[in-house]
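The values are calculated or read from the model by the stated rules, or taken from the named source; none is laboratory data. For clarity, every value in this text was computed on a predicted model and none was experimentally measured. We place every Cβ from the backbone using ideal geometry, glycine too, and count neighbours over all the protein chains shown. Surface areas here come from the heavy atoms of the whole protein model, side chains and all, with no ligands, DNA or RNA. Shrake-Rupley method; radii C 1.70, N 1.55, O 1.52, S 1.80 Å.
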Amino acid sequence: MQNPVTVEVTRGNLVESRHRGLGAVVDGDGKVLFSFGEAEAHVFPRSASKAMQALPLIESGAADAYGFGNKELAFACASHSGEDAHVAMAASMLGKAGRDDSALECGAHWSSEQAVLIHQARTIEAPTALHNNCSGKHSGFVCTCVHAGMDVKGYVDYDHPLQAEIRGTMETLTGAIIGHQNCGTDGCSIPTYAVPLKGLAHGFAKMATGNTLSAERAKASRRLMDACMAEPFYVAGTNRACTKLMEVAPGKIFAKTGAEGVFVAALPDQGIAMAVKCEDGTTRAAEAMIFALIARYFEKGGEVHTKLMAMANKPMKNWNGIHVGDVRVTDALFA
């Protein structure tokens, strides 16, 4: 099956670029409500799966032991911009477990956001692991290990007990068999696993509804989603897609991006979740797809629907502010 063109980018009156995509909307029982493209294809969720990876932080008792609230839990699910508040949060979480940035095994990098990068260049000599966009997740990993009595060193390795626990968690949620055969290494050095896109969406629908999950996992799942929706800045940052998306309808939309054109979202009140993948890995297309897909499930013409569609179909301007083209979704998302 060839995946359909889901996003077009125009210049003048012509289409300059086209992006193909795949996606699925699934309820808590696993029923596919809508799909396009090869929704059964295996994809690496990358950072889109961070809320799943953060479950041991709560289930181990570490989150409560260290007094973590919504900000810390949202940050444990984050792909943040490395703003000052993010760096401070990572340091604070580690400090609660008696550790510092030397415990992090995610590596260091400058922010990918231009405004933040300029601020960093003016205020620090070089970034540390605290500035890494995954430092929230990794701080959560370190806290989980310390509380559970696991060796912190090597917590990113495939054979580490924490990573084994995460594999089991993701298998339960996605229904996929996970192991070396579908394992890669993520940008932050932890294992990442290719799973069917439909299964990824179903996993987040389970987290949103609690369907088929133990009472403990259902409670932990909803707690993480509620935290992200309550503190969207700590999931991403200023002007970031995840943050803006969750601010459109506070408490109604959970959303998380992943590298290489992956995006997931859940609408807890409606008991559904969705996942999309831009075939060529382009973020702008993944964002447009998820905005439009979420809009399908809000009243057409209503405030939320209108805002989401304006985000999905957006004008492009050059450095002089001249409108030169548009990013727009296609009918493939509305069939």
Fill in the blank from the handout: Applied in sequence order to the range 310-317, the curve 6.51 cos²θ - 1.76 cosθ + 1.60 (Karplus, θ = phi - 60°) yields integer Hz couplings, x standing for Gly and Pro, of 5, 6, 6, 10, 10, x, 10, 10
Exercise for the section: Apply the Debye scattering formula to the range 69-203, with a single equal point scatterer on each alpha-carbon and no solvent, then give log10 I(q)/I(0) at q = 0.15 Å⁻¹. Expected result: -0.77
Handout entry: About the Cα centre, charge dipole magnitude for the range 70-141 (Lys/Arg +1, Asp/Glu -1 at Cβ), debye
Key = 160
Handout entry: Farthest positive-ward along the range 5-333 dipole, Cα basis, beta-carbon charges - from 81, 306, 127
Key = 306
Problem - residue 92 accessible area, assembled protein chains, probe 1.4 Å, Å² - result: 50
Practice task
Specify the residue with the greatest mean-square fluctuation among 16, 231, 247, computed from a Gaussian network of the chain linking alpha-carbon atoms under 10 Å apart.
Solution key: 16
Fill in the blank from the handout: Applied in sequence order to the range 210-218, the curve 6.51 cos²θ - 1.76 cosθ + 1.60 (Karplus, θ = phi - 60°) yields integer Hz couplings, x standing for Gly and Pro, of x, 4, 6, 8, 5, 4, 5, 6, 4
Problem - Computed over the chain: relative contact order in percent, which uses C-alpha pairs under 8 Å that are six or more apart - result: 24
Problem - Dipole moment magnitude, nearest 20 debye, the range 5-333 about Cα centre, only Lys, Arg, Asp, Glu C-beta charged - result: 640
Handout entry: Among 166, 124, 190: highest mean-square fluctuation, GNM of the chain, C-alpha pairs under 10 Å
Key = 124
Practice task
Round to a whole angstrom and tell me the spacing of the C-alpha centers of the range 227-253 and the range 80-108.
Solution key: 21
Problem - Solvent-accessible area per residue, Å², over the chain with all protein chains present [probe radius 1.4 Å] - result: 41
Practice task
Amide H neighbours of residue 192 under 5 Å, at least 5 residues apart or on other chains, H built in the peptide plane: list them.
Solution key: 184, 185, 186
Problem - GNM flexibility winner over the chain from 239, 13, 70 (Cα, springs under 10 Å) - result: 13
Problem - Cα lying deepest toward the dipole's positive end in the chain, options 68, 200, 246, charges on Cβ - result: 246
Completion exercise
Answer check: the range 126-262, Cα atoms, Kirkwood Rh, Rg/Rh ratio of 0.95
Problem - Portion, in percent, of the accessible area of the range 1-133 that falls on carbon or sulfur, probe 1.4 Å - result: 47
Handout entry: Mean Cβ neighbour count within 10 Å, used as a protection proxy, ranking 209-218, 286-295, 261-270 highest first
Key = 286-295, 261-270, 209-218
Handout entry: Of 327, 49, 218, farthest towards positive along the dipole that unit charges on Lys, Arg, Asp, Glu beta carbons give the chain
Key = 327
Practice task
Tabulate in residue order the Karplus-calculated ³J(HN,Hα) for the range 172-187, using 6.51 cos²θ - 1.76 cosθ + 1.60 with θ = phi - 60°, rounded to whole Hz; enter x for Gly and Pro.
Solution key: 4, 7, 8, x, 8, 7, 10, x, 4, 5, 10, 9, x, 10, 6, x
Practice task
Report, in cubic angstrom per residue, the convex hull volume of the C-alpha atoms of the chain.
Solution key: 129
Exercise for the section: Please report, in debye to the nearest 20, how large the charge dipole of the range 137-180 is about its Cα centre when each Lys and Arg carries +1 at its beta carbon and each Asp and Glu carries -1 there. Expected result: 120
Exercise for the section: Pull up all non-local amide H partners of residue 34: gap of 5 or more, or a different chain, and H-to-H distance under 5 Å with H placed in the peptide plane. Expected result: 25
Exercise for the section: Mind checking which lysines have their Cα closer than 21 Å to the Cα of residue 244? Skip sequence neighbours fewer than 8 apart in that chain. Expected result: 50, 71, 137, 252, 256, 277, 300, 307, 314, 317
